[in-house]
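Engineer: So that we are looking at the same thing, I have put the structure below in structure tokens.
The values are calculated or read from the model by the stated rules, or taken from the named source; none is laboratory data. In this text, all values refer to a predicted model and were calculated from it rather than measured experimentally. Note: ideal-geometry Cβ built from the backbone for every residue, glycine included; neighbour counts use all protein chains shown. Keep in mind that these areas ignore ligands, DNA and RNA; they rest on the heavy atoms of the full protein, side chains included. Shrake-Rupley method; radii C 1.70, N 1.55, O 1.52, S 1.80 Å.
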Amino acid sequence: MSGMPSLTDAFRRLWQPRKGLFWLMLGFQALSSALVLFIQLHEPPAGLRLMLGLLALTNTLISWWLLARLWRGEG
């Protein structure tokens, strides 16, 4: 029977600390979180806020792409 993978199987597919892709994904996620935290705490001017927000969003999208590659077993 080939149903949905169990939670343990899904976690094993994503938790791959021996792969550089895993650490790159975590790095992009951490950078996105740090940028959003900075925006919330310091309330920079609108232009800088927009630029940092777009950078955080871009980092999140790259992180999702890396996560999908890890899920498929690439890299």
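Engineer: Counting only heavy atoms of protein chains, what accessible area per residue, in Å², does the chain have with a probe of 1.4 Å?
Structural biologist: 76 Å²
Engineer: Roughly to the nearest percent, how much of the accessible area of the chain is carbon and sulfur, given a 1.4 Å probe?
Structural biologist: Whole-percent figure for carbon plus sulfur exposure: 70.
Engineer: For residue 39, put the label point 7 Å out on the Cα→Cβ axis and report which residues of the range 60-75 keep their amide N under 13 Å from it.
Structural biologist: 60-61
Engineer: Under the rule of -39500 (n - 2.57) per DSSP H run of 4 or more residues, summed and divided by the residues of the chain, what mean residue ellipticity at 222 nm is obtained, to the nearest 500 deg cm²/dmol?
Structural biologist: Using -39500 (n - 2.57) per qualifying helix, the result is -26500 deg cm²/dmol.
Engineer: Another question, then. Debye sum, Cα scatterers, the chain, no solvent: what log₁₀ I/I(0) at q = 0.12, 0.17 1/Å?
Structural biologist: Cα-only, vacuum Debye calculation for the chain: -0.44, -0.70.
Engineer: Putting +1 on Lys and Arg Cβ atoms and -1 on Asp and Glu Cβ atoms, find which of 66, 41, 16 reaches farthest to the positive end of the dipole of the chain.
Structural biologist: 16
Engineer: Could you give the dipole magnitude of the chain about its Cα centre, charging the beta-carbon of Lys and Arg +1 and that of Asp and Glu -1, in debye to the nearest 20?
Structural biologist: 280 debye
Engineer: At 0.36 nm per residue, minus the direct Cα-Cα distance, what do residue 46 and residue 26 gain on full extension? Give it in nm, one decimal, please.
Structural biologist: Answer, rounded to one decimal: 4.4 nm.
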